[in-house]
Amino acid sequence: MRRSEQRRDAVFACYQQDVTDRSLSTLLVDARPFTRELVEGVDQNRTEIDSLISEYAEGWQISRIAPLEKNIMRVALYEMNYRDDIPFEVAIDEAVELAKKYSGAEAPGFVNGILGAVAKAGKADVA
């Protein structure tokens, strides 16, 4: 399974956890290692990641951001912050592609704007 597919699976697992309150152990039963790392990493670092989203989502409270877009950004920011082997550009591009495929027309620009601003400001490194 390609990493893009595992990122998608990680986003959906994080999303499901958000909207259903299902446990990670249930959601990750058959998960591949990269998917598992992304989901567990987002879960462990959610406070820091959400702080970045809040800081750069000007005019938006994080509670008002759609759960799918929020989790797309969480996975990307986890990669940008805690994975040295994944360039920011790759994490951002993958996130935008997921937003194009699974979200509304405005979502890709919103996701790209926030992640791009975080990367440009050099704030992606919160670890």
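We did not get these values from a lab; they are worked out from the coordinates using the rules stated. Keep in mind that this is a model prediction, so the values were computed, not measured. Counting neighbours? That spans all protein chains shown, and the Cβs are built from the backbone with ideal geometry, glycine included.
Structure summary
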{"read-out": "Matching entry among GLU69, GLU48, GLU37 (being touching a residue at least 60 places away in the same chain (Cβ under 8 Å) and either within 16 Å of the chain's Cα centre (by Cα) or in a loop (DSSP other than H, G, I, E, B) (or both))", "value": "GLU48"}
{"read-out": "ALA76, sole failed condition from (1) surrounded by 14 or more Cβ atoms within 10 Å (Cβ to Cβ); (2) without any contact (Cβ under 8 Å) to a residue 12 or more places away in the chain", "value": "(2)"}
{"read-out": "Residue list for segment 92-122, filter: outside any helix (DSSP H, G or I) and in contact with a helix residue (DSSP H, G or I) (Cβ under 6 Å, 6 or more places away or on another chain)", "value": "SER103"}
{"read-out": "Scan of segment 51-66 for residues that are in a helix (DSSP H, G or I) and surrounded by 17 or more Cβ atoms within 10 Å (Cβ to Cβ), ordered by number", "value": "LEU52, ILE53, TYR56"}
{"read-out": "Yes/no for LYS101 being touching a Cys at 6+ places or on another chain (Cβ under 9 Å) and among the charged types (D, E, K, R)", "value": "no"}
